[in-house]
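Enquirer: Pasting a structure below so you can have a look.
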Amino acid sequence: MVHETWSNRAMFILAAVGSAVGLGNIWRFPYLAGENGGGAFVLVYLACVLGIGLPVLIAELIIGRRGRCSAVASARSVARESGASGGWAIVGWLGILAAVLILSYYSVIGGWLVAYVPITATGTFTGADAAAVSARFGAFLADPWVMTGAHAVFMAITVGLVAQGVRKGIEAAVRVLMPALFLLLVLLVVFAMVEGAFGEALAFLFVPDFSAITFGVVIEAIGQAFFSLSIGMGAMITYGAYLDRDTSIPASALTVAGADTLVAILAGLAIFPIVFAAGLDPSGGPGLLFQSLPFAFGQMPFGALVGTLFFLFSLFAALTSSIALLEIVVSWAEEHRGWPRAQATLIVGAISFVLGLATVLSFNRLSGFAPLGFLPGLEGKTIFDLLDLLTNNIMLPVGGILIALLAGWVMKQSVIAEEYGAGVLRGPWYLMLRYVAPVAIGLVLVFAFIA
Ligand code: PHE
């Protein structure tokens, strides 16, 4: 079947940036940096984006535009076109599985944003001290019903947007919201610069302690690069399939990676000055965003308004990512199962919603339940921790290796050259894709888990 295409080039870029910029930048990047030694993590992360993420992102867009279908069918068709086995469709299958799993917890955390819009708007944090802000978050986590309700709202909006199709749903959501979020983040950084412990935050984020770099930190950084750039699971293959012939793929990839990295760094610069000024623990984990920024909102003039807008815009950023996650699966279901779009979105959304309940419970009723706690290294890991580890630190990197091999070794060089275009740096990119990316990911995976 022939998919719709983006109405113009700017829209593709916006949608791809929209898919990349989301919870990964605002919620996950800061807390991972906090947990993994700050500067050491940030440095390795930037290296991973440049050396692994960008090459794989370009490869995904090439596979998508060449294949013009869902991730499964595109991977199969580009492999066949170059005389290789259709078994490369496995790239797409893995991606679909990863997308359903990631969407399940993405929607739960997205629900935290949903809940924090009214919580902030009603002035809960005005004048509150750090302890009160943390206590409010603790109370929120403790109630599985409220969290489930918020998770349901987030999933319902995602389903609604995707059901409307590529142009109406995705483009409209991205056009206004991305710039708005960006401006607000800049405002928060300025506030943090003036009122927070900015010097301490800068030192924490940008002065690396090299002794803190372990295989564990590196695999976290690789996983975060994949998660944040929306790669390793076919999302960019799916989006690339809607891409027109005259758009430069390397230039688009550079824009996406640049914007994504910028937003992550801005989020770090907004959050850490507050973390240090309020005496919070930088390695506080997934709650970091929700414990640090509300404290700042409580101290600044018009804080309730600024805070409400922040959570609202972050929610929109999360939605432009969750629609990409759902789109991966839906474009496949439309194609292979022949399901109507509305029905496909509803079914996949419902499955992900139910799976997400395991994540909801991981923060309250089942917070002490470590299903694989008997295995070394997995002690104390909740269902959410395990899902996060399985998807981001295993499935996406493995998907990345397969994509690198497919574009770097299986597809004919003539096809690759045609899709890459006349753009500069094709030689270095091709070398990174063929050798650096698969070998580096493979080695780190082996050392982080086996050794
Ligand atoms: N990149 C998104 C984020 O950072 C998450 C995502 C991953 C979206 C994969 C789509 C596909 O929040």
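The values are calculated or read from the model by the stated rules, or taken from the named source; none is laboratory data. Bear in mind the structure is a predicted one, so any value in this text is a computation, not a measurement. Quick reminder, even Gly has a Cβ in these numbers, built from the backbone with ideal geometry, and neighbours come from all protein chains shown. Keep in mind that these areas ignore ligands, DNA and RNA; they rest on the heavy atoms of the full protein, side chains included. Shrake-Rupley method; radii C 1.70, N 1.55, O 1.52, S 1.80 Å.
Enquirer: For residues in the range 129-173 being modelled with pLDDT under 95 and not in a helix (DSSP H, G or I), which is farthest from L243 (Cα to Cα)?
Expert: Result: D129.
Enquirer: Hey, S230 hits all of (1) surrounded by 18 or more Cβ atoms within 10 Å (Cβ to Cβ); (2) part of a loop (DSSP other than H, G, I, E, B); (3) away from the ligand (no atom under 14 Å from the Cβ) but one; which does it fall short on?
Expert: The failed condition is (3).
Enquirer: Let me ask something else. Could you list, in sequence order, all residues of the range 17-30 that are part of a helix (DSSP H, G or I) and open to solvent by less than 10 Å² (accessible area, probe 1.4 Å)?
Expert: Our first condition is that a residue be part of a helix (DSSP H, G or I); within the range 17-30, this holds for 17-20, 23-30.
Matches in the range 17-30: G18, S19, A20, L23, G24, N25, I26, W27, R28, F29, P30.
Enquirer: Of the numbered conditions (1) open to solvent by 30 Å² or more (accessible area, probe 1.4 Å); (2) within 23 Å of the chain's Cα centre (by Cα), L445 fails exactly one; give the number of that condition.
Expert: (1)
Enquirer: Moving on to the next point. Restricting to the range 245-279, and then to whatever is more than 17 Å from the chain's Cα centre (by Cα) and of a type in the set (V, I, T), can you tell me which residue is modelled with the lowest pLDDT?
Expert: In this case the residue turns out to be T247.
Enquirer: Another question, then. Determine which single condition W145 fails, assuming it passes every other condition in (1) closer than 27 Å to F363 by Cβ; (2) in contact with a helix residue (DSSP H, G or I) (Cβ under 8 Å, 6 or more places away or on another chain); (3) open to solvent by 70 Å² or more (accessible area, probe 1.4 Å).
Expert: (2)
Enquirer: Here is a further query. Taking F198, is it in contact (Cβ under 8 Å) with a residue 40 or more places away in the chain, farther than 28 Å from K381 by Cβ and surrounded by fewer than 23 Cβ atoms within 10 Å (Cβ to Cβ)?
Expert: Here the answer is yes, as F198 does meet what is asked.
Enquirer: Does any residue of the range 96-112 turn out to be surrounded by 17 or more Cβ atoms within 10 Å (Cβ to Cβ), in contact (Cβ under 8 Å) with a residue 40 or more places away in the chain, of a type in the set (S, T, N, Q) and over 29 Å from L389 (Cβ atoms)?
Expert: No.
Enquirer: So R426 clears everything in (1) touching a Phe, Trp or Tyr at 6+ places or on another chain (Cβ under 7 Å); (2) surrounded by 16 or more Cβ atoms within 10 Å (Cβ to Cβ); (3) modelled with pLDDT under 95 except one condition, right? Which one?
Expert: With respect to (1) touching a Phe, Trp or Tyr at 6+ places or on another chain (Cβ under 7 Å); (2) surrounded by 16 or more Cβ atoms within 10 Å (Cβ to Cβ); (3) modelled with pLDDT under 95, R426 is out only on (2).
Enquirer: Take the residues of the range 37-47 that are open to solvent by 10 Å² or more (accessible area, probe 1.4 Å) and modelled with pLDDT of 95 or more: which is nearest to F204 (Cα to Cα)?
Expert: Restricting to residues being open to solvent by 10 Å² or more (accessible area, probe 1.4 Å) and modelled with pLDDT of 95 or more, the top hit is L43.
Enquirer: Could I ask something else about it? Here are some residues: A253, A296. Which one is within 16 Å of the ligand (Cβ to nearest atom), part of a helix (DSSP H, G or I) and crowded, with 24+ Cβ neighbours inside 10 Å?
Expert: On the way: A296 fails: within 16 Å of the ligand (Cβ to nearest atom).
Exactly one of A253, A296 is within 16 Å of the ligand (Cβ to nearest atom), part of a helix (DSSP H, G or I) and crowded, with 24+ Cβ neighbours inside 10 Å, namely A253.
Enquirer: Which residue, of L387, L361, L357, L402, is within 18 Å of the chain's Cα centre (by Cα) and not in a loop (DSSP other than H, G, I, E, B)?
Expert: The match here is L387.
Enquirer: For the range 50-73, indicate whether the set of residues that are away from the ligand (no atom under 13 Å from the Cβ), under 20 Å from the mean Cα position of the chain (by Cα), at pLDDT 95 or above and surrounded by fewer than 24 Cβ atoms within 10 Å (Cβ to Cβ) is non-empty.
Expert: yes
Enquirer: While we're looking at this one, here's another question. Would it be correct to say that A324 is assigned to a helix (DSSP H, G or I), closer than 19 Å to A225 by Cβ and either at pLDDT 95 or above or open to solvent by 30 Å² or more (accessible area, probe 1.4 Å) (or both)?
Expert: no
Enquirer: Continuing with the same structure: Within the group T320, T308, which residue is within 16 Å of the ligand (Cβ to nearest atom) and either of a type in the set (D, E) or touching a residue at least 24 places away in the same chain (Cβ under 8 Å) (or both)?
Expert: When all the criteria are applied, what remains is T320.
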